[in-house]
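The values are calculated or read from the model by the stated rules, or taken from the named source; none is laboratory data. Bear in mind that the values here come from a model prediction, so they are computed numbers and not experimental data. Note that each Cβ is placed from the backbone with ideal geometry, even for glycine, and that neighbours are counted across all protein chains shown. These area figures cover heavy atoms from the full protein model, side chains too; ligands, DNA and RNA do not enter into them. Shrake-Rupley method; radii C 1.70, N 1.55, O 1.52, S 1.80 Å.
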Amino acid sequence: MADPSSYRPSPGQIPDSPGVYKFRDEHRRVIYVGKAKNLRQRVANYFQDLANLHPRTRSMVTTAASVEWTVVSTEVEALQLEYTWIKEFDPRFNVKYRDDKSYPYLAVTLNEEFPRVQVMRGAKKKGVRYFGPYGHAWAIRETVDLMLRVFPVRTCSAGVFKNAARTGRPCLLGYIDKCSAPCVGRVTPEEHRELAEDFCDFMAGRTGTYIRRLEKEMTQAAEEMEYERAARLRDDAGALKRAMEKSAVVLADATDADLIAVAEDELEAALQIFHVRGGRVRGQRGWVTDKVEAVDTAGLVEHALQQLYGEERGEAVPKEVLVPALPEDTEAVSQWLAERRGSQVSLRIPQRGDKKDLMETVQRNAQQALGLHKTKRASDLTTRSRALEEIAEALGLDAAPLRIECYDISHLQGDDVVASMVVFEDGLARKSEYRRFQIKGFEGQDDVRSMHEVIGRRFKRYLQEKERTGEWDQAPQEAAAGTAGPITEDTGPAPTGPVPAPALPAASPADETDPREDDGRPKRFAYPPQLVVVDGGQPQVAAAKRALDELGIDDIAVCGLAKRLEEVWLPDDDDPVVLPRSSEGLYLLQRVRDEAHRFAITYQRAKRAKRIRTSPLDDVAGLGETRKQALIKHFGSVKKLRQATIEEICEVPGIGRRTAESVAVALASAAPAAPAVNTATGEIMEEDDGGTS
């Protein structure tokens with residue numbers, strides 16, 4: 001790890017003009033490329049106190065061994081040079097988008113004497129006109145088959161073309177009038193190129209001209225009683241309309257635009273791009289990237305624009321680019337796009353109307369793409385194995401943690417404090433093993449104390465199962481005194497004092513079987529994890545380790561994952577373990593932690609909602625929901641019901657005297673809510689409290 005002060009340039013050396021800078025490592029490899037309006041201010045920011053830097057930035061500057069820069073005239077030049085250097089050097093700390101699959105394009109090879117229409121994948125070639133990308137190659141072939149009736153452009157390979165020219169006989173498409181057969185001289189090269197350019201114009205969205213022309217010719221042929229020709233023109237117009245129907249109209253004003261949406265988390269981001277031409281979606285593609293540098297949504301958008309249009313010219317850059325967040329230097333990026341297109345380009349965030357609605361659709365696609373990417377990544381056996389091995393290596397474990405348990409605390413300003421336990425086995429969620437806890441050992445908000453209580457209660461249950469199955473000759477008395485809750489909700493106070501470590505006898509063959517209940521089902525909390533993960537930093541990790549020590553358990557590893565910086569904390573360590581951003585191990589720990597957070601907050605919200613809906617009438621034995629509603633409907637509110645006599649309550653249909661007495665007792669024992677006060681006048685305000693109190 002290098003000390004940034006060892007290669008820090010003096011302030012006077014760095015110019016205050018626009019430019020691009022490169023960080024290199026000790027082997028002179030470029031590891032990061034950036035641009036700046038003011039090089040002096042931007043580069044100096046990297047050499048502040050390491051504690052103030054983002055973890056990703058801190059990792060970059062401690063990996064680097066030197067920094068250098070190049071001065072340019074304008075910010076647009078800086079943007080272009082940054083893109084060129086990123087493409088040339090492929091720096092490890094720069095965000096690089098990768099296609100989540102290879103998309104097919106409809107391509108027209110205008111760089112050939114006789115242009116050819118075909119399906120193409122991979123890098124774009126100079127002189128080839130591209131349309132798309134499409135989701136499937138068959139969608140391209142269906143569209144081309146319809147359009148060849150009107151624009152009979154060559155689709156054959158070079159070998160087939162040369163063989164037809166040599167024999168003087170066209171291929172089958174030439175015989176059925178779906179190719180103009182330039183191979184045998186039916187049309188001149190100029191006429192065939194004109195057909196290819198008309199084909200491109202139609203695909204680019206200029207559809208109305210050709211359909212109107214065909215309909216006009218059809219009408220004229222019918223007037224001249226050339227009915228066969230009129231029928232053929234009618235079928236040609238219908239084919240073009242069917243080709244248009246394959247891409248629905250999404251923007252009524254025939255807009256040419258690209259819409260970019262971003263879905264991201266702490267480690268990864270997914271982009272979706274919809275290409276709209278002539279108001280119709282002509283193509284869609286998706287990218288994913290690891291967030292290896294400190295970058296926000298605006299930065300992700302800027303990187304996407306560079307990669308999307310860095311090699312494009314002319315109409316490949318649309319008139320309008322709609323994004324979820326504007327880049328830091330919007331004016332420079334807009335000017336750069338305009339130079340590549342050759343005319344003005346509007347870069348903006350849609351605020352209302354059809355474009356905003358379409359952007360929401362693109363955003364949903366981005367969210368689904370990110371979720372699908374994570375699912376594929378998590379379901380891959382090789383990837384999961386590598387993740388577990390990386391965790392074991394980073395935490396110094398003897399073996400890969402095949403069972404991981406993660407705990408999270410959730411509350412709302414100290415009320416309804418709950419905890420969750422989620423289980424991952426072999427890198428996959430084991431939802432049947434999830435557990436929920438209510439914190440009952442104390443009142444108020446204390447995440448550290450809550451974590452200590454939950455870990456203590458969970459592993460006291462584990463010790464009880466060990467004792468019950470005879471795996472230990474003598475279990476701690478304190479563990480035997482713990483309380484057991486239902487499957488979905490463990491209850492009971494946390495241990496208050498240290499528990500002596502149990503003696504572990506030699507295992508017999510019978511001890512090696514799984515502890516099970518009489519019906520063959522596994523007992524709750526019967527299996528110990530190899531790794532306990534807590535959501536939090538040093539304090540939460542220390543509390544979890546202390547709970548295990550008090551129970552005499554020393555063969556279970558503990559770590560914490562702090563969400564803000566994604567750092568892994570170990571007990572008794574002053575510095576965190578920093579896993580690389582591309583680490584599968586860090587990705588798995590993040591999934592485990594996020595699942596625990598989701599499970600905890602879902603339970604906490606449900607518990608709070610149940611408490612809010614609680615009524616004093618809930619405590620009346622034998623009073624069902626129907627009779628509760630009848631009482632509230634009759635009196636109007638619980639407050640008025642509390643003021644009623646037993647005789648008045650008996651007047652409600654279905655309410656007998658014994659039930660009325662129970663209702664009166666329950667309402668009398670429940671303390672009424674404090675009256676509301678008008679703070680301006682001091683007046684006590686009367687209030688109907690509905691069905692709750």
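Structure notes:
- Within the stretch 34-47, the set of residues being among the aliphatic types (A, V, I, L, M) and open to solvent by less than 40 Å² (accessible area, probe 1.4 Å) comprises 36, 39, 43.
- Test: residue in the stretch 122-134 that is out of contact with any strand residue (DSSP E or B) (no Cβ under 6 Å at 6 or more places or on another chain), at pLDDT 85 or above and crowded, with 21+ Cβ neighbours inside 10 Å: no
- Tally of residues being loosely packed, with under 15 Cβ neighbours inside 10 Å and under 19 Å from residue 78 (Cβ atoms) across the stretch 310-329: 2
- Contacts under 9 angstrom Cβ, first residue in the stretch 1-30 being under 18 Å from residue 91 (Cα atoms) and assigned to a loop (DSSP other than H, G, I, E, B), partner open to solvent by 60 Å² or more (accessible area, probe 1.4 Å) and of a type in the set (Phe, Trp, Tyr), 6 or more apart: 29/89
- Enumeration of residues in the stretch 10-31 that are open to solvent by 20 Å² or more (accessible area, probe 1.4 Å) and under 15 Å from residue 70 (Cα atoms): 13, 15, 16, 17, 18, 24
- Among the residues of the stretch 386-395, at least one is at pLDDT below 85 and either outside any strand (DSSP E or B) or under 19 Å from the mean Cα position of the chain (by Cα) (or both).
- Subset of the stretch 527-541 (residues that are touching a residue at least 60 places away in the same chain (Cβ under 8 Å) and surrounded by 19 or more Cβ atoms within 10 Å (Cβ to Cβ)): 529, 530, 531, 532, 533, 534, 535, 536, 540
- The stretch 332-351 residues that are open to solvent by less than 60 Å² (accessible area, probe 1.4 Å), paired with ones that are of a type in the set (S, T, N, Q) and in a loop (DSSP other than H, G, I, E, B) (beta carbon under 7 Å, 6 or more apart): 338/344
- The stretch 184-221: number of residues that are of a type outside the set (Phe, Trp, Tyr), touching a residue at least 60 places away in the same chain (Cβ under 8 Å), in contact with a helix residue (DSSP H, G or I) (Cβ under 9 Å, 6 or more places away or on another chain) and assigned to a helix (DSSP H, G or I): 4
- Number of residues in the stretch 408-437 that are farther than 30 Å from residue 374 by Cα and open to solvent by less than 30 Å² (accessible area, probe 1.4 Å) equals 3.
- Hits in the stretch 634-662 (condition: among the basic types (Lys, Arg) and farther than 14 Å from residue 620 by Cα): 639, 640
- When residue 361 is tested against (1) over 16 Å from the mean Cα position of the chain (by Cα); (2) among the β-branched types (Val, Ile, Thr); (3) outside any strand (DSSP E or B), exactly one condition is not met: (1).
- Residues (without any contact (Cβ under 8 Å) to a residue 12 or more places away in the chain and open to solvent by 60 Å² or more (accessible area, probe 1.4 Å)) located in the stretch 48-83: 48, 49, 51, 52
- Restricting attention to the stretch 571-603 and to residues that are in a helix (DSSP H, G or I) and among the hydroxyl-bearing types (Ser, Thr, Tyr), the residue that is surrounded by the most Cβ atoms within 10 Å (Cβ to Cβ) turns out to be 587.
- So residue 652, is it of a type in the set (A, V, I, L, M), at pLDDT 85 or above and outside any helix (DSSP H, G or I): yes
- Enumeration of residues in the stretch 152-171 that are over 49 Å from the mean Cα position of the chain (by Cα), outside any loop (DSSP other than H, G, I, E, B) and surrounded by fewer than 18 Cβ atoms within 10 Å (Cβ to Cβ): 162, 163, 165, 166, 167
- Selection count, the stretch 544-561, where residues are in a helix (DSSP H, G or I), under 22 Å from residue 394 (Cβ atoms) and not basic (Lys, Arg): 2
- Counting residues in the stretch 612-620 that are over 47 Å from the mean Cα position of the chain (by Cα) and either at pLDDT below 75 or more than 30 Å from residue 405 (Cα to Cα) (or both) gives one or more.
- Checked against the criterion of being at pLDDT below 75, buried (at least 20 other Cβ atoms within 10 Å of the Cβ) and within 25 Å of residue 357 (Cα to Cα), the candidates 259, 251 yield just one match: 251.
- Across the stretch 397-435, the qualifying residues are those that are in contact (Cβ under 8 Å) with a residue 12 or more places away in the chain, out of contact with any strand residue (DSSP E or B) (no Cβ under 6 Å at 6 or more places or on another chain) and not in a strand (DSSP E or B), and the one among them that is nearest to residue 383 (Cα to Cα) is 427.
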